[in-house]
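> Below: one structure in structure tokens.
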Amino acid sequence: MHEHLLPSIHRSPSRIESQAIAPQISGARTPAAAPAAGDKNLRFLLQKVLKQSDVGTLGRIVLPKKEAETHLPELKTGDGISIPIEDIGTSQVWSMRYRFWPNNKSRMYLLENTGDFVRSNELQEGDFIVLYSDVKSGKYLIRGVKVRAQQDLAKHKNASPEKGGASDVKAGGEDGGCKEKPPHGVRRSRQEAASMNQMAVSI
């Protein structure tokens, strides 16, 4: 009897959706903003740093294979399933399609119909998404996290001292040039005096 029940429990999508899930990467929650205090029922599923192809015109995001197979529903066909996913930042519910492509006897998992979500959150290459599940309702939630603005700010701060240093060097160079002028003037005065002495002798 137990041997008969075991395969059905292992394959049940509902069990996959409701199981307790922990981040696969140490500190995986750190980059993304933590859920609000009232969202303690949210559990981390996976995160993905976006590539250019994820934010382009194709309107699909490739998901990490291991996390997708572990934390998302099992897919029996490549066409996949439609999943409503709520945007944590805006409460907008996006209808995305979770599916896979055959890839060298393996699978490539992806979310389709993500173009509007990416544009709404102004996501670019280098930003990332985080997927959660609500353990009570069973629904899925997504968060888009921008990191480029923080990187640009850091680059700007690092560039400011360099500009100051360049101006200091330039100013120093100009001062150095001024110090060299008196010796040159002295040499010129000596040459003019010598010429005048020669003219006086010839006269």
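Derivation of every value follows stated rules applied to the coordinates shown; laboratory data play no part. These numbers were taken from a predicted model, which means no experiment stands behind them. FYI the Cβ positions are ideal-geometry reconstructions off the backbone, even for glycines, and counts take in every protein chain you see.
> With 10 angstrom as the radius, rank 101, 94 by how many other C-beta atoms surround their C-beta, starting from the fewest. Walk me through the numbers on the way to the answer.
On the way: 101 13, 94 19.
Arranged by neighbour count, lowest to highest, 101, 94 become 101, 94.
> Something else: So, counting K/R as plus one and D/E as minus one, what does the shell of residues with Cβ under 10 Å around residue 122 add up to? It would help to have the intermediate numbers written out before the result.
Details: positive: 119, 146, 148; negative: 127.
Every neighbour counted, the sum reads +2.
> Under 11 Å from a point 7 Å along the Cα-to-Cβ line of residue 136: which residues of region 40-68 have their amide N that close?
40-42
> Here's something else I'd like to know. Where does the charge balance sit around residue 49 when Lys and Arg score +1, Asp and Glu -1, over other residues with C-beta under 11 Å from its C-beta? Walk me through the numbers on the way to the answer.
Details: positive: 48, 51; negative: 54, 125, 127.
So the surrounding residues net to -1.
> How many nm is it between the label spots at residue 92 and residue 148, if each spot is 7 Å from the Cα in line with the beta carbon?
1.7
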